[in-house]
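The values are calculated or read from the model by the stated rules, or taken from the named source; none is laboratory data. This structure is a prediction, so every number in the text was calculated from the model and none was measured. Cβ sites come from the backbone with ideal geometry, for glycine too, and all protein chains shown count toward neighbours. These accessible areas exclude ligands, DNA and RNA; they are computed on the full protein's heavy atoms, side chains included. Shrake-Rupley method; radii C 1.70, N 1.55, O 1.52, S 1.80 Å.
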Amino acid sequence: MRKPKIQVIHLLIATVVICIGIVASLYYTVITNTKKEIEALNVRYEKASAVASERPKLEKQLAEAKQKFIEMTAKLDVLMKEKMPPISFDDRIAGMMALWKENTQVLGPMIVRWMNRGPLIANGNVSIPAPPVNPNGITYSLLTYNLGSFTVTGDFRSILDHVRDWNNFGRLVRVDGLTLNGQSPNMTGTYTVTMFIIPYGGVGPEIPMAGGGGPGGGGGGGAGYVMEETDKE
Amino acid sequence: MLKINLLPAYVRQKAALKKAIFLCLAVIILVGAGMLYWIITLKNEKDQREKETIAMEEEAKRVEEIRKQLNEELAKIPPVEKKVNFIQGTMDYNLKAPEFYEELARYTYNRVELSSMNISGNRVTMNAHARTLGDFGRYLLNMYNATSIYTNVSVSTIPGWPSATLGTSGPGPLTPGGRDFTGVLPGITNGIDFTVNCTLVKPLPGPPTY
């Protein structure tokens, strides 16, 4: 019987080498890559989690924004019904004709009736400017009329009540420059009135047959009539 | 009986070698199995994390949708709010001048008559008439006390003596018992006309803009 060539020590060394080889190769290939992938997934998860955690706050803000819009719209509806004529330039021609009616038939008599309600004696020449005749010239979201100067005669309190009462007029007006002269009960109060119209909706497409537009085009330039270029919608 | 093994050590080595081979193989298999277990565990962890990440990213997408809706809702508010603020602001503005004149009347001595009042920016100009110097003085004191309304009050001068304005054309008659010093100068018939200029603490707000 011959002495075996392979000894136990050889086997031990081989085993250790093989084990190290298995561990190292698997660790530096499969395990390291898997760990990197897990890390990358963690980063994605954290990023998404940060966004997702805002959900309750955003849902609350969304509900509040919707509520605020509903309230604002309801408030505006009430104010528009109280203060604005039913004029819209979504259809430019229809809107222009409604403005004709407002300027030529409605507004003047409305102001005269208002001023003559009493108990004060009122003076002033009401003059409403001519409306535009070119629908393509109407491009603005606020119409401003300078109605001129008015004078009322009466006692101090009645004059102040009269000025405050313009807020009950059927249109939105601004009273400026109130000056008081004389002595109560024959005091005179002088002020200027500016009226505003905010049309409903926006401004519709131009009418090709009506030609080019322009601010106040086609005769809308009567004294005291301004279409303010404050907001084009 | 004594047992003596005369065989050489390497004879038993074959058996020992066989055992050692089995042991080494077992160790290698164990190490391999351990690594495999580790790999499988990591893979499971990776799969689980992947599922969670996908779910969280779906949720983040939904939240971005909500954010987009929120921005759309917020964008709808300003045009409406602008109109509401303009209408309400204009109506509030109309109440400012009457409110101010009433406040002014509270500080006006009731024996002084104002013939005109004019507000321009933060300046108020009033023309007034006082029947006596005492009334004029009390009026002025009232105005100086109105520190909540005015920062600066100035009046036009009143004439000295004699003065056609005051109706004092010369030395007046003495009253029996001496001159009357209660503030009513003998001979004054027309009273005192004067102008008051005041600077407001808070100017009246300007009209709202659209």
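Listed values for the range A:190-204 are Karplus-derived 3J(HN,Hα) couplings in whole Hz (6.51 cos²θ - 1.76 cosθ + 1.60, θ = phi - 60°), namely 10, 7, 10, 10, 10, 10, 10, 10, 9, x, 6, x, x, 10, x, and x replaces Gly and Pro.
Restricting attention to the range B:23-88, lysine pairs at least eight places apart or on different chains and with alpha-carbon atoms under 28 angstrom apart total 9.
Long hydrophobic helices in chain A, taken as whole DSSP H segments with a C-alpha length of 15 Å or more on their own axis and mean Kyte-Doolittle hydropathy at least -0.5: A:8-26. Rounded to the nearest whole angstrom, the semi-axes of the ellipsoid equivalent to the range B:1-158, taken from the Cα gyration tensor as √(5λ), stand at 111, 25, 9, largest first.
Along the axis of the charge dipole computed for the protein assembly as shown (Cβ charges of +1 for Lys and Arg, -1 for Asp and Glu, origin at the Cα centre), the listed residues B:A128, B:L6, A:S158 are led at the positive end by B:L6.
Mind checking the dipole of the range A:1-133: about its Cα centre, +1 per Lys or Arg Cβ, -1 per Asp or Glu Cβ, Debye to the nearest 20?
Numbers: 19 positive and 12 negative charges, 177 e Å.
The dipole of the range A:1-133 has a size of about 860 debye.
Straight-line cross-link reach from B:K202 at under 22 Å between alpha-carbon atoms covers these lysines, not counting any fewer than eight positions away in the same chain: B:K96. Excluding ligands, DNA and RNA and using a 1.4 Å probe, chains B and A jointly bury around 6700 Å² of accessible surface, summed across both partners.
Using only the Cα atoms of the range A:77-130, build the gyration tensor, take square roots of its eigenvalues as a ≥ b ≥ c, and label the shape rounded, prolate or oblate: rounded if a/c is under 1.5, else prolate if a/b is larger than b/c, else oblate. Kindly include the intermediate steps, with their values, before the conclusion.
Working: a/c = 4.09, a/b = 1.76, b/c = 2.33.
In terms of gyration-tensor shape, oblate.
Here the 3J(HN,Hα) profile of the range B:121-129, calculated from phi with Karplus coefficients 6.51, -1.76 and 1.60 at θ = phi - 60°, is x, 10, 10, 10, 10, 10, 9, 9, 9 Hz, Gly and Pro shown as x. A straight chain from A:N33 to A:K68 at 0.36 nm per residue would run longer than the Cα-Cα distance by 7.4 nm.
Is the C-alpha gyration tensor of chain A telling us rounded, prolate or oblate? Criteria: a/c under 1.5 is rounded; beyond that, a/b larger than b/c is prolate, otherwise oblate.
prolate
Seen through its C-alpha gyration tensor, with square-root eigenvalues sorted a ≥ b ≥ c, the range A:30-102 comes out oblate because a/c lies at 1.5 or above while a/b is not bigger than b/c.
In terms of accessible area, using a 1.4 Å probe and ignoring ligands and nucleic acids, B:Y109, B:Y139 rank largest first as B:Y109, B:Y139.
Expressed as a whole percentage, what fraction of the accessible surface of the range B:64-128 belongs to carbon and sulfur atoms when a 1.4 Å probe is rolled over the protein heavy atoms? The partial results should precede the final answer.
On the way: 1460 of 3210 Å².
For the range B:64-128, the apolar C and S fraction of the accessible surface comes to 46 percent.
Just so you know, the Rg over Rh for the protein assembly as shown is 1.50, from Cα atoms, with Rh as the Kirkwood radius.
Taken over the range A:1-138, lysine pairs spaced eight or more positions apart, or on distinct chains, with alpha carbons under 24 Å apart number 15.
Projecting label points 7 angstrom from Cα along Cα→Cβ for A:K5 and A:V126 puts them 12.7 nm apart.
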